[in-house]
Amino acid sequence: MNTDDFAYIVETKKSFDDAVVSVLQAVEQKGWTLFQVYDIRERLAAKGFSQKPLKIIEICSGKHAHQFLSKNRLISLCMPCKINVLEENETVKIAGMKPTMISQLFPEVGRKEAEQAEKDVMEMVDNAR
């Protein structure tokens, strides 16, 4: 499996903090729900570890979540969807989890069904760019 199989990644010219704000705005504009934002750098620093900036943004579409969970409740292990903002080699990247990977793990979810959720995630990542 390649990274491209499960992640959609773009680079942005925005600062790290501006990219995070842009993702939050894109999520709101798309009508998805924001669950939580984790500041991994901050959490690891509290344990004495040094990391470059990384925020994990958990998001959910009630429509897609309902469809997937109606097929198999263990799909909840892949939920909620995530869009991460990270800094790597002095470049800010925005990475979204591809929901089509769910159809590979749970055959009862058709690829076309998962592609609808993936389209939304990719649009949010692109709009945040």
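Odds and ends about this structure:
- Rounded to whole Hz, the Karplus (6.51, -1.76, 1.60) HN-Hα couplings of the range 99-105, x for glycine and proline: x, 5, 5, 4, 5, 7, 8
- Additional length obtainable on full extension of the chain from residue 51 to residue 71, 0.36 nm per residue less Cα span: 3.4 nm
- Whole-Hz couplings from phi, Karplus 6.51/-1.76/1.60, listed for the range 88-98; x for Gly and Pro: 9, 6, 6, 10, 8, 10, 10, 10, x, 5, 8
- Inter-label distance, residue 15 to residue 37: 1.4 nm, where each label sits 7 Å from its Cα along the C-beta direction.
- Residue of 55, 93, 71 that the Gaussian network model of the chain assigns the largest fluctuation, springs spanning Cα pairs under 10 Å: 71
- Applied to the range 10-18, the Karplus parametrisation 6.51 cos²θ - 1.76 cosθ + 1.60 on θ = phi - 60° returns per-residue 3J(HN,Hα) values of 10, 9, 9, 8, 6, 5, 4, 5, 5 Hz, with x for Gly and Pro.
- Descending by average beta-carbon neighbour count within 10 Å, the peptides 43-52, 27-36 line up as 27-36, 43-52, the highest first.
- Between helix 62-71 and the chain there is an angle of about 50 degrees, using the helix long axis and the longest principal axis of the Cα atoms.
- Its Kirkwood hydrodynamic radius, worked out from the mean inverse distance over all distinct Cα pairs, puts the range 3-128 at 15.0 Å.
No value in this document is a laboratory result; all are computed from the given coordinates. Quick caveat, the model's predicted, so the values are computed rather than measured. We place every Cβ from the backbone using ideal geometry, glycine too, and count neighbours over all the protein chains shown.
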